[in-house]
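The values are calculated or read from the model by the stated rules, or taken from the named source; none is laboratory data. It should be emphasised that the depicted structure is a prediction, and the values quoted were computed from it without experimental measurement. Please note: Cβ atoms are built from the backbone with ideal geometry, for glycine as well, and neighbour counts cover all protein chains shown. Surface accessibility is based on the protein's heavy atoms, side chains included, excluding ligands, DNA and RNA. Shrake-Rupley method; radii C 1.70, N 1.55, O 1.52, S 1.80 Å.
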Amino acid sequence: MTREQSKKCSENERSVGERMKFNTALLHQNFDGEKSTGSTIMPIYQVSAFAHETAEKLEKVFHNQAPGFAYTRISNPTVDAFEKRVAAMENGIGAVSCSSGMTAVTMALLNILHAGDEVIAGSGLFGGTIDLFSDLKAFGITTRFAESITVEEIEPLINENTKVVFTELIGNPKLDVVDLKAVSELVHAHGIPLIIDSTTATPYLIHPFAYGADVVVHSSSKYINGGGNAISGVIVDSGNFHWDSSRYDGFEPYAKYGKFAYLAKLRNAIWRNVGGCLSPMNAFLNSVGLETLGLRMERLCDNALQLAQYLDSVDGVEVNYPALEKSPYYSLVQKQFGGKGGAILTLRAGSKEKAFCLINHLQFATNATNIGDVRTLVIHPASTIYAHSNEAQKQSAGVYEDLIRISVGIEDIEDLIEDFGQAIAKMQEEC
Ligand SMILES: *Cc1c(COP(=O)(O)O)cnc(C)c1O
């Protein structure tokens, strides 16, 4: 083969994603509508079962020997289209979607864990995930929490039972940022995979696989959906981790799938049998949301930075946002996220009473427990999301009695600044 030919060949082999930029890829990568009808968006296949002409054909579909759909708990065209788009967006080899972000976190872990295994996790995790690790104790799975996920803090926690390190990239609401490259190098040196909850970072800020993450989960209820209209989760695999079946029980029958072993095991075992599938309607809503992820994140990150800078200039409140120059994570945000800090910031008001007073005076910002909506949302985490956590857990999750979490929306920044300004002024007068 001549040099010219081999160059041409390797160009053809390049994945579509490498030729397209982010916003183009969200629309066109791994998706070109539904060929049979010309439908530009994959329609909602709102059905439970798919009929086949012969018993032989259905047998093949059930045994993964023929393409096709059998039953929506296992797969569905609308759900499948969403999964392919998410896999492409994360540069993964495949994705499995779930009924919620919590199902995705649970399934991603239970696909590899057994009684006697240990997990290392960040203590600044989302409240539901911390609660889940408590639930897993009943099944013999122990979690060791690191105050933060750094090489120094996790290395002493690793032992022969450690089967996975799990963390969020930008802690919600601690807003601590993980140095993904450093941590993934350490865990891989110990033969351990790294599972990342990338909900708050989104693929707009980072493609975690390029930094060594092995599996990524999203609560797609948040930024991927974007409109706050459907609960869902998704698990994406890089295909890079070697699941040694002498260390990871149950992987033996899936070794024949090579780099698809993790996804094949998930689809054919715990995920399918627990039945936490995504509904076709919600997959559709997510696919539509996904298309504007880049546009929304651009606006959200700009709004968050401007609001953080404004709040930083106001007396009586203390703001935390990783892209502010005063943040200890500022340089990591520049290096890892290209300077973008995501769309969540937190505010300390001085006391619980003041925090409630501020929240109650906001006009545009809505008091609700969600993030990633187009609307600005605020919440007092200590009395809500962390209601089941003890004081020590709250402390290490960065959840203080006077803390307000702000999930910044796409409103005009002038209105947001004015709204927070007037609410802080009223708080200072009244409380
Ligand atoms: C919301 C959230 C979850 C849970 O997702 P649900 O869709 O609510 O089940 C998990 N991780 C993070 C970081 C979240 O923000």
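Overview of results
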| item | result |
| --- | --- |
| Among (1) closer than 17 Å to Asp302 by Cα; (2) touching a Phe, Trp or Tyr at 6+ places or on another chain (Cβ under 6 Å); (3) of a type outside the set (Phe, Trp, Tyr) - the single one Leu416 does not satisfy | (2) |
| Cβ pairs under 8 Å, 6+ apart, first in the stretch 85-110 and outside the structural domain of Gly128 (by TED's automatic domain parsing), second open to solvent by 10 Å² or more (accessible area, probe 1.4 Å) | none |
| Scope the stretch 411-420; condition of a type in the set (A, V, I, L, M, F, W, C) and either crowded, with 21+ Cβ neighbours inside 10 Å or out of contact with any helix residue (DSSP H, G or I) (no Cβ under 9 Å at 6 or more places or on another chain) (or both); matching residues | Leu416, Phe420 |
| Any chance Ala121 is among the aliphatic types (A, V, I, L, M), more than 14 Å from the chain's Cα centre (by Cα), crowded, with 23+ Cβ neighbours inside 10 Å and modelled with pLDDT of 95 or more | yes |
| Any hit, the stretch 138-159, residues being in contact with a His (Cβ under 9 Å, 6 or more places away or on another chain) and closer than 25 Å to Cys277 by Cα | yes |
| Exclusive hit being without any contact (Cβ under 8 Å) to a residue 24 or more places away in the chain and of a type in the set (D, E, K, R), set Lys256, Lys265 | Lys256 |
